[in-house]
Amino acid sequence: MSTTSLARGFARVSTSSLGAYQTAVIRIGLSFTWLCFLLREWPNRRELYGPDSPWSWGLARQLTSDNHAFTALMWSDGTAWFETVYALAVVSAALLMLGWRTRTMSVISMLGVLSLQNRSIFIGDGGDNVIHLMALYTVFTRCGRVWSLDARRAARRHPRPGGAADGTDLTGIVLWTVCGLALIAAQVFAHPGLSWTADGPLPGLGWATALWGLWLVHGVWWVVERYAPGEPRTVLDTLAHLAHNAALLVIMAEVCLIYATAGWYKIQGSRWQDGTALYYPMHIDYFAPWPSLSHALAAGGTIVLLLSYGTVAVQVAFPFTLLNRKVKNVLLALMMAEHLGIAVTLGLPFFSLAMIVADAVFLPTPFLIRLGTAAGRARGSLFPRRTGPLPAGGETEPATRTLVG
């Protein structure tokens with residue numbers, strides 16, 4: 001690769017945040033999946049994650065002390081605290097899906113995901129793992145640049161010459177202050193003996209340090225944007241572009257790794273080799289929401305054989321098809337259809353939805369733009385707007401960035 005190509009590539013990743021529509025789909029889709037799961041399990045929340053769980057608070061504390069997993073539910077064993085954390089998880093998921101203060105909501109939603117899933121790790125499935133990982137990666141993306149309330153608000157603001165924000169973002173300042181007070185309260189009133197401040201997402205980096213760091217970065221961003229909009233803001237923009245693009249690359253690599261490992265492990269199984277692997281789960285009552293449909297599919301030996309071999313072939317081949325756009329798009333459609341089939345025949349809707357959303361990171365931008373335009377037209381027909389439309393449906397790069405938006 002020539003020096004010119006390298007320079008051009010570095011300039012691209014350091015001056016723009018790539019995949020704006022793809023990261024917006026990740027934000028909306030995974031937040032929607034997590035929100036639907038939380039609402040569906042609302043009547044059972046205490047048995048799953050709360051004080052009535054068979055996996056008691058004491059057992060969960062012993063496990064987290066060994067694996068150093070973060071969960072705010074270990075800060076207190078009270079019912080009121082559990083209900084507060086669960087409610088915050090619901091609210092933050094909804095606000096992140098809508099794109100309101102995405103920087104802050106991505107962090108709070110991530111904490112909600114980790115708190116609930118790490119409280120009872122034995123009730124999850126593959127979909128929970130995908131949501132868990134993507135929640136961490138989404139924090140570093142600029143996922144609110146399109147299809148969000150943040151983008152709409154930014155399009156309605158008029159920056160002063162030089163790029164500084166016009167007016168004071170009172171909501172952002174209040175939210176930033178509340179988050180800081182919440183961090184102080186967490187460190188002061190958390191259950192004694194916990195090590196959440198020492199153990200964190202990276203070796204040597206505690207969760208307290210990581211969260212305080214994110215909080216300070218938001219504050220520095222607002223100060224620079226308002227009082228030093230020249231070269232300091234350019235430097236921060238460059239760092240934000242690099243972090244976003246790196247996180248997007250990690251998300252794409254993670255999806256490829258999921259399919260590659262799943263496919264190669266299947267190849268080693270004798271049931272997948274003889275083409276009968278899908279026959280058995282279709283006869284398990286737990287995975288048969290529509291028994292008649294499952295039995296009808298399982299009765300056809302040829303269908304079971306083709307589905308078994310086709311699943312392995314698609315999963316193994318997918319990472320290699322990224323070099324060819326047309327083949328990649330065909331396999332994307334096949335994998336999404338496969339997950340829809342899993343949702344219907346095996347009764348795993350949240351797993352399937354999480355995987356479909358993760359697959360969407362590879363969808364072409366023109367297709368997503370057309371999809372967004374069609375959704376905007378449908379919304380306009382159902383809810384006519386009284387004011388003039390925003391440029392491109394509010395899909396432009398935000399002209400201003402607020403304190404925690």
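The values are calculated or read from the model by the stated rules, or taken from the named source; none is laboratory data. Because the structure is a prediction, the values reported are computed rather than measured. Virtual Cβ from ideal backbone geometry, glycine too; neighbours counted across all protein chains shown. With ligands, DNA and RNA removed, areas are computed over all heavy atoms of the protein, side chains included. Shrake-Rupley method; radii C 1.70, N 1.55, O 1.52, S 1.80 Å.
The table below gives the values:
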quantity: The chain: DSSP helices with Cα axial extent of at least 27 Å and average Kyte-Doolittle hydropathy no lower than 0.5; calculated: 20-40, 79-98, 170-189, 207-227, 231-267, 301-321, 325-345
quantity: Label-point gap, in nm, between LEU39 and ASP285 - each point 7 angstrom along Cα→Cβ; calculated: 3.1 nm
quantity: Spacing of the two label points (7 Å from each Cα toward its C-beta) at ASP125 and VAL316, in nm; calculated: 2.6 nm
quantity: Stretch gain in nm, segment ARG152-LEU371, where the contour uses 0.36 nm per residue and the Cα spacing is subtracted; calculated: 77.0 nm
quantity: Carbon plus sulfur fraction of accessible area for the range 46-149, probe 1.4 Å, in percent; calculated: 64 percent
quantity: Sequence ranges 325-334, 66-75, ranked by mean other-Cβ count within 10 angstrom, highest first; calculated: 66-75, 325-334
quantity: Compactness of the range 260-369 as Cα Rg over 2.2 N^0.38 Å, two decimals; calculated: 1.12
quantity: Helical mean residue ellipticity (222 nm; -39500 (n - 2.57) per DSSP H run of 4+; nearest 500) of the chain; calculated: -22000 deg cm²/dmol
quantity: Percent of C-alpha pairs per 20 Å bin, the chain, short to long; calculated: 23, 54, 22, 1
quantity: Accessible surface of the range 260-369 [probe 1.4 Å, protein heavy atoms]: carbon and sulfur percent; calculated: 72 percent
quantity: Cα-centred dipole magnitude for the chain, charges only on beta-carbon of K, R (+1) and D, E (-1), debye, nearest 20; calculated: 1540 debye
quantity: Under-5 Å amide H pairs with LEU205, H placed in peptide plane, nonlocal only; calculated: GLY200
quantity: FRET efficiency, CYS256 to PHE189 (Cβ-Cβ, R0 51 Å, nearest 0.05); calculated: 0.75
quantity: Additional length obtainable on full extension of the chain from THR3 to LEU18, 0.36 nm per residue less Cα span; calculated: 3.2 nm
quantity: Gaussian network model of the chain, springs between alpha carbon atoms under 10 Å - residue of ILE26, ILE251, ILE369 with greatest fluctuation; calculated: ILE369
quantity: Accessible surface, per residue, of the range 1-79 when the full set of protein chains is kept, probe 1.4 Å, Å²; calculated: 51 Å²
quantity: Ordering of 222-234, 109-121, 28-40 by packing [mean C-beta count within 10 Å, highest first]; calculated: 109-121, 28-40, 222-234
